[in-house]
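Accompanying notes for the structure given below.
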Amino acid sequence: MRRTTEDKIQVIQWTLISMLDDLGYADDIGLLASKHQDIQQKTQQLVQTANTIGLRVNIEKTKVLRKNIRADNPITINDQPLQELDDFTYMGSKVSTDGDCIGEVITRISKANHTFTMLKLIWKTRNLSIHTKIHIFKSNVLSVLLYGSECWKSTANIEKKLKVFQTKCLRRIMRIFWPNMISNEKLRHRAGVSTISEIIATRRWQWLGNVFRMPIDSIPRVALRWTPQGKRNRGRPKETWRRTVDRDLKTRGLTLQTAPTIAADREKWCSLAVASSTRQRRED
């Protein structure tokens, strides 16, 4: 990979003095470029470099994702066109051309629902207490649902979808059906669980603290304050994870500049998450 990107020509401006060539984890490699011809050249360089050491790029597993770039010619490897997708799964999470996480949320709900259905015999049995069933729900279903949720933006649409799924599951676990209905708030109180929004907010806050404690030149730390080059589309700015984080910090009287100092104290940082969660429940 170093030999593939050593010329530093087809790169993305990362900081004032550094560039971003690629993203790699184990055998998963993501090549980055801002122009069609650049990504084609970089792809060909990767193939040639891999061949010299006895490795082969799997064409069927190699995909192309474009963001605000149009081109009539496909990206090719040995004259074979690569498949272009609107979204694909990378490192367990769905990445889309529009950069939105709603597709990932819907996918997570679908997978969690499948897990919940597979455990239907557990929910139906009367040999287990509600307390035990809730623990199983948290460890087996919520863990699937909330994978990667630390990086989800917060919108009313996303929160509604997650709330509907949680409510449906809890009512089945606790065997509360029409006409014996209770409010969602009482349902969660009986089950002893928080709202999905509160759980995600806590996880996001914990992850944010981890990022602030990383070295200042680490990729997650730089990405937190990174501003992409170019112009955004006209109209109302869309909600983003960065704006969600800014709002989380603002409710605690913090900013991206002051938060790292507080995050250095783990106990103090965690206490802010608990205090905010309590305040949110009171508002609800």
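What follows draws every value from the coordinates through simple rules; no lab data is involved. Note that the structure is a prediction, hence the values are computed from the model and not measured. Every residue, glycine as well, gets a Cβ built from its backbone with ideal geometry; the counts of neighbours run over all protein chains shown.
Could you tell me which of rounded, prolate or oblate describes the range 145-284, using a ≥ b ≥ c as the square roots of the eigenvalues of the alpha-carbon gyration tensor, with rounded for a/c under 1.5 and, failing that, prolate when a/b is larger than b/c and oblate otherwise? Here the range 145-284 falls in the prolate category. Calculated from the alpha-carbon coordinates, the range 12-85 shows an Rg and a Dmax of 12.9, 37 Å respectively. Assuming charge only on the beta carbon of Lys and Arg (+1) and of Asp and Glu (-1), the dipole of the chain about its Cα centre is about 1660 debye to the nearest 20.
Please label the shape of the range 5-130 as rounded, prolate or oblate, based on the square roots a ≥ b ≥ c of the eigenvalues of the alpha-carbon gyration tensor (a/c under 1.5 means rounded; beyond that, a/b larger than b/c means prolate, else oblate). Because a/c hits 1.5 or more and a/b exceeds b/c, the range 5-130 counts as prolate. Comparing Asp22, Asp79, Asp217 in a Gaussian network model of the chain where C-alpha atoms under 10 Å apart are linked, the largest mean-square fluctuation is found at Asp79. What is the helix-to-structure angle for 196-212, meaning the angle in degrees between its Cα long axis and the longest Cα principal axis of the chain, kept from 0 to 90 and rounded to the nearest 10? Approximately 40 degrees, to the nearest 10. Taking 31 Å as the limit for the C-alpha separation, the pairs Lys61/Lys111; Lys61/Lys163; Lys63/Lys231; Lys63/Lys111; Lys63/Lys238; Lys67/Lys153 exceed it in the case of Lys61/Lys163. Counting every pair of alpha carbons in the range 139-205, the share spaced more than 14 Å apart comes to 61 percent.
Each Lys and Arg Cβ is given +1 and each Asp and Glu Cβ -1; about its Cα centre, the range 102-193 then shows a dipole of about 400 debye. If you take the alpha carbon atoms of the range 102-193 and fit the smallest convex hull around them, that volume is 102 Å³ per residue. Computed from the C-alpha gyration tensor, the three semi-axes of the ellipsoid equivalent to the chain are 41, 25, 17 Å, from longest to shortest. Putting +1 on Lys and Arg Cβ atoms and -1 on Asp and Glu Cβ atoms, find which of Leu208, Thr125, Asn58 reaches farthest to the positive end of the dipole of the chain. Value computed over the given set: Thr125. Computed on the chain, with alpha-carbon pairs under 8 angstrom and 6+ residues apart, the relative contact order is 12 percent. Across Ser143, Ser194, Ser129, mean-square fluctuation computed from a Gaussian network of the chain (C-alpha pairs under 10 Å connected) peaks at Ser129.
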